[in-house]
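The values are calculated or read from the model by the stated rules, or taken from the named source; none is laboratory data. Fair warning: this is a prediction, and the values are worked out from it, not measured in the lab. Cβ coordinates were reconstructed from backbone atoms using ideal geometry, including for glycine residues, and neighbour counts include every protein chain displayed.
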Amino acid sequence: MRAAMVGVPLLSLEGVGKAFPNGTVALRDARLTVRPGSVHGLVGANGAGKSTLIKIIAGAHAPTSGTVRWKGEEVDWRTPGAARRAGVATIMQHVPLAPTLTVLENVFLGAPGPWRLPRRRRAEFERLLERVNYGIDPDAEVAGLAIGERQMVAVLQALATGAELVVMDEPTASLAEGERQVVFDVVRRLSAQGTAFLYVSHFLDEVLSLTDHVTVLRDGTVVDEGETAGYDEDRLVQVIVGRDLLAVERRHAGPVDPSAPVLLSVRGLSSPAGVRDVTFEARAGEVIGLAGLLGSGRSEILHAVYGADPRASGEVLAGGRQVRRTPRDAVAAGMALVPEDRAAQGLVNTFPIWQNISLPDLASLSAGRALPRTSAETERAGRAIADLGIVCPGMEALPTQLSGGNAQKVVFGKWLYGGARVFMLDEPTAGVDVGAKADILELVRAFAAGGGAVLVASSEFEEILAVATRVLVVREGRIVAERPAHETSEEELLMLANGFGEEGASDAA
């Protein structure tokens with residue numbers, strides 16, 4: 001990478017601390033310097049303080065100590081609007097666009113001046129597209145866009161406000177490889193034009209290839225910083241977690257005993273969402289990876305199996321008994337879904353941790369299966385916090401107060417202590433750090449070793465191979481190939497997912 005530009009820093013934080021009223025200290029004496037036209041990486045484990053630091057830069061949090069300077073002048077941004085007007089745009093992991101508005105309307109929502117001037121705005125929009133070398137229909141409704149397209153709309157929106165610094169929080173967490181490359185190309189192109197980026201990612205290969213400088217946070221403190229050229233992945237992982245840890249520990253799991261009981265049987269499953277004649281079985285002790293690129297239909301298969309798509313046809317049997325097509329019946333049959341969007345689908349963000357954990361099994365924790373017993377609920381929550389290593393201020397904390405990895409552990413905790421025999425996990429480690437990823441994959445292994453069955457849908461083939469006993473490759477809503485995990489590779493799975501060497505078989509039982 002080119003060296004970051006010299007001269008007066010665009011943004012600098014010195015001795016910044018943040019303590020919350022509940023006593024949580026999120027940042028201690030943090031420092032950060034971002035120069036014009038640079039791509040600065042910010043990395044750290046979940047709970048290290050990255051989100052708090054980003055919110056201070058964005059004006060959403062006020063620091064309790066230290067100094068923030070913008071172009072050499074001390075600033076005190078008390079609202080996101082103040083930071084945005086100064087020239088800072090923040091693109092969060094879950095892109096906050098207006099789904100019922102068009103691309104054009106979203107791009108100019110935060111821009112100065114009136115935004116309903118179609119002719120003028122369309123000309124500006126075309127200039128923005130030329131600047132980033134990207135094409136998208138300005139009249140398309142955002143609700144119908146793929147995740148990668150929404151990410152690009154957010155980038156265009158940031159540029160429309162005149163941003164000189166763009167903060168990107170996990171911009172590629174849910175993107176396929178091709179879409180990631182689009183983001184990388186845009187970041188490189190814009191930085192060459194003088195726009196600075198603060199790039200926050202758990203994908204360390206991205207940080208190493210894309211950034212000029214990197215800052216590492218651990219437990220709210222900056223523990224290392226320097227030019228990215230001075231790091232490799234092993235050193236970066238060690239600094240992040242404070243110990244040696246492989247980013248993903250791959251274990252070559254052998255095939256499951258063919259005499260093990262079948263816990264889940266799917267026959268001829270199809271749906272208008274794009275699932276096409278899917279058939280497979282999952283046995284006790286088995287971890288089945290659903291490997292596919294973004295848009296391949298892997299998530300739709302999980303939702304159809306779970307009964308979340310009432311339009312689906314075909315048969316789903318759990319323990320040999322047919323499951324009716326509703327999530328309620330799936331839960332009663334011992335099936336659990338950990339969705340990709342944990343914030344919107346996996347957690348009730350207004351409930352404390354203890355209520356989230358007890359929610360799916362509330363009847364068994366209630367007197368006469370009707371009157372909830374708080375003592376039983378909090379006892380289970382305490383057990384989950386201890387067993388799963390959930391880092392939190394206490395079980396009264398809301399999910400929104402947790403890091404991504406710890407929030408994901410709460411979703412796991414919801415299902416671990418009830419009657420679930422089949423786990424279905426959709427991108428289970430999206431947006432979590434290397435340490436939390438290892439913890440979550442270990443939970444998957446332990447659940448299967450205890451006699452359960454697991455389906456893991458992911459575009460991260462390395463992650464699938466880290467835990468799976470068998471891999472089903474998904475393309476265009478159907479299973480196109482099956483491989484024992486210990487006999488395949490990331491390269492082969494990628495080829496199959498792209499349609500090269502496709503077997504054409506939909507029966508992977």
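One residue is enough: does the stretch 189-196 have a residue meeting the conditions in contact with a helix residue (DSSP H, G or I) (Cβ under 6 Å, 6 or more places away or on another chain) and either surrounded by fewer than 20 Cβ atoms within 10 Å (Cβ to Cβ) or among the hydrophobic types (A, V, I, L, M, F, W, C) (or both)? Among the residues of the stretch 189-196, not one is in contact with a helix residue (DSSP H, G or I) (Cβ under 6 Å, 6 or more places away or on another chain) and either surrounded by fewer than 20 Cβ atoms within 10 Å (Cβ to Cβ) or among the hydrophobic types (A, V, I, L, M, F, W, C) (or both), which makes the answer no. Taking the stretch 173-184 as the range and being assigned to a helix (DSSP H, G or I), closer than 15 Å to Val153 by Cα and touching a residue at least 40 places away in the same chain (Cβ under 8 Å) as the test, the residues that pass are Glu179, Val182.
Residue count for the stretch 341-370 satisfying the condition of being surrounded by fewer than 20 Cβ atoms within 10 Å (Cβ to Cβ), at negative phi and not in a helix (DSSP H, G or I): 10. Restricting Thr400, Thr378 to residues that are polar (S, T, N, Q), more than 17 Å from Gly452 (Cα to Cα) and touching a helix residue (DSSP H, G or I) at 6+ places or on another chain (Cβ under 7 Å) narrows the list to Thr378. Here Ser271, Ser313, Ser296 are screened, and the one residue that is under 23 Å from the mean Cα position of the chain (by Cα) and in contact (Cβ under 8 Å) with a residue 24 or more places away in the chain is Ser296.
Against the list (1) under 15 Å from the mean Cα position of the chain (by Cα); (2) under 18 Å from His486 (Cα atoms); (3) small (Gly, Ala, Ser), the condition Gly435 fails is (2). Remark: pairs (first residue in the stretch 43-63, at pLDDT 90 or above; second residue among the polar types (S, T, N, Q); Cβ separation under 6 Å; 6+ apart in sequence or on different chains) = Ala58/Thr90; Gly59/Thr79. It is to be established whether one or more residues within the stretch 319-326 are of a type outside the set (Ser, Thr, Tyr), without any contact (Cβ under 8 Å) to a residue 24 or more places away in the chain, part of a helix (DSSP H, G or I) and closer than 30 Å to Pro272 by Cβ. The answer is no, given that none of the residues of the stretch 319-326 is of a type outside the set (Ser, Thr, Tyr), without any contact (Cβ under 8 Å) to a residue 24 or more places away in the chain, part of a helix (DSSP H, G or I) and closer than 30 Å to Pro272 by Cβ.
Scanning the stretch 326-372 for residues that are over 13 Å from Ala407 (Cβ atoms), touching a Pro at 6+ places or on another chain (Cβ under 7 Å) and among the hydrophobic types (A, V, I, L, M, F, W, C) gives Val331, Leu362, Leu365. Here Ser403 meets the list (1) out of contact with any Ser or Thr (no Cβ under 8 Å at 6 or more places or on another chain); (2) under 25 Å from Pro96 (Cα atoms); (3) in contact (Cβ under 8 Å) with a residue 60 or more places away in the chain almost entirely, failing just condition (1). Just to verify a result, which residue in the stretch 130-155, among those that are closer than 9 Å to Val103 by Cα and among the β-branched types (Val, Ile, Thr), is surrounded by the fewest Cβ atoms within 10 Å (Cβ to Cβ)? By that ranking, first place goes to Ile136. Applying the criterion of at least 2 residues that are touching a Phe, Trp or Tyr at 6+ places or on another chain (Cβ under 7 Å), among the β-branched types (Val, Ile, Thr) and modelled with pLDDT under 85 to the strands (runs of 3 or more DSSP E) found wholly in the stretch 409-485 leaves an empty list. Note on the stretch 368-408: residues that are within 22 Å of the chain's Cα centre (by Cα), closer than 16 Å to Phe20 by Cβ and small (Gly, Ala, Ser) total 2.
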